[in-house]
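Any read-out appearing in this document is the output of simple, stated calculations on the displayed coordinates, not a laboratory observation. This is a predicted model, so every value here is computed, not measured. Cβ sites come from the backbone with ideal geometry, for glycine too, and all protein chains shown count toward neighbours.
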Amino acid sequence: MSQIAFRGYVIRGFSHGETSRIITIFTAERGKVKCLAKGLKKGSSRKGGPIQLFSLISGTFYLKEQAELGTLGTYETVNDYSQIASDIYKFGFVSAYCEIIDKSLQPGQPQPELFDFTGRFFALSMKAKSESIKTLFWAAFLKILQMMGYDPELDSCVSCQKPNPTHAAYYSPELGGIICSKDIPKGQVPAKISAAALGALRQFASLPLEEAAKSQYNSSIYKEIERFIFSFADYHMGLRPSLKSFKFLSQL
Ligand SMILES: [Zn+2]
């Protein structure tokens, strides 16, 4: 049994028995870690206070060799982002972010760039107005694709390299980005994206997150953005729009 010091974001938690929770933490040191947190009954005097979803905590956990589930030791809250949950829209989108991270990370593999990015995303989500969270989320999702190495080509045709600064375009996750109509492979019916939605995606890709999240779009543009990003996330990472948190979002 080894004792491991960590710093990490609580990205998931559910009750386990009457007084325990199983939590998933995105740690700086080990990537995704699952831990049993015992003795969290309301009113209990456990040190460290309750474990809040989205918070940055630091502490220790214990892990047996080969085991997947650790046991949380002592911890303290470093940054409390739990207030995000008081706004149903923010809660929905930040939960979706966490589900994407949870599905993308392999246990035991640190992802320093994504770790820092997650801290920025939580901090911005906490400050953001309800109506800004949608853009913030989609911009962050595109940046996750970039960090994972599946950066879609948005500026020129992936086949003939002809630049497309202003027009609508076809796109193909298999080919890795936008393509012009003459280069569509025979027998394929690729999806199309409007100039406006493509422009939004270019902003998400090139601007820092706080800048990219400043614009808002109409619902048909968000639909196109969603279809585009999910087609790449599905093809490269196996992430489907049927994620649990997206069912919740569609009910809002
Ligand atoms: Zn072309």
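Over the chain, with a Gaussian network built from C-alpha contacts below 10 Å, which listed residue (K32, K223, K90) shows the highest mean-square fluctuation?
In the Gaussian network model the winner is K223.
Return the inverse of the average 1/r over all pairs of distinct C-alpha atoms in the range 86-251, which is the Kirkwood hydrodynamic radius, in Å to one decimal.
16.4
Among A168, F117, P208, whose Cα projects farthest towards the positive end of the dipole of the chain, with charges put on the beta-carbon of Lys, Arg (+1) and Asp, Glu (-1)?
F117
Using a 7 Å offset from Cα along Cα-Cβ at D183, what residues in the range 213-252 end up with backbone N under 18 Å from the label point?
232
First obtain the Kirkwood hydrodynamic radius of the range 2-80 from its Cα pairs, then insert it into the Stokes-Einstein equation at 37 °C and 0.692 mPa s, and state the resulting D in µm² per second as a whole number.
Here the translational diffusion coefficient equals 266 µm²/s.
Rg (Å, one decimal) plus Dmax (Å, integer) for the alpha carbons of the range 93-152?
Taking only Cα atoms of the range 93-152, I get Rg and Dmax of 11.5, 36 Å.
Quick one: Karplus J couplings for the range 8-13, per residue in order, coefficients 6.51, -1.76, 1.60, θ = phi - 60°, nearest Hz, x for Gly and Pro?
x, 8, 7, 9, 7, x
Could you name the lysines in cross-link range of K34, using Cα to Cα under 26 Å and dropping any fewer than eight places away on the same chain?
By straight Cα distance, K34 reaches K42, K47, K64, K90, K103, K143, K244, K247.
Placing +1 at every Lys and Arg Cβ and -1 at every Asp and Glu Cβ, with all other atoms neutral, what dipole size does the chain have around its Cα centre, in debye to the nearest 20?
That gives the chain a dipole magnitude of about 640 debye.
Just to confirm the number: angle between the C-alpha axis of helix 133-147 and the first principal axis of the chain, 0 to 90 degrees, nearest 10?
Once rounded, the angle reads 80 degrees.
Per residue, what volume in Å³ does the Cα convex hull of the range 36-170 take up?
Cα convex hull per residue, to the nearest whole number: 152 Å³.
Name the long-range amide H neighbours of G177: under 5 Å, sequence gap of 5 or more, or other chain; modelled H, no Pro or chain starts.
E153, S172
Counting helices only, and only those DSSP H runs with n ≥ 4, report the 222 nm mean residue ellipticity of the chain as the sum of -39,500 (n - 2.57) divided by its residues, in deg cm²/dmol to the nearest 500.
-11500 deg cm²/dmol
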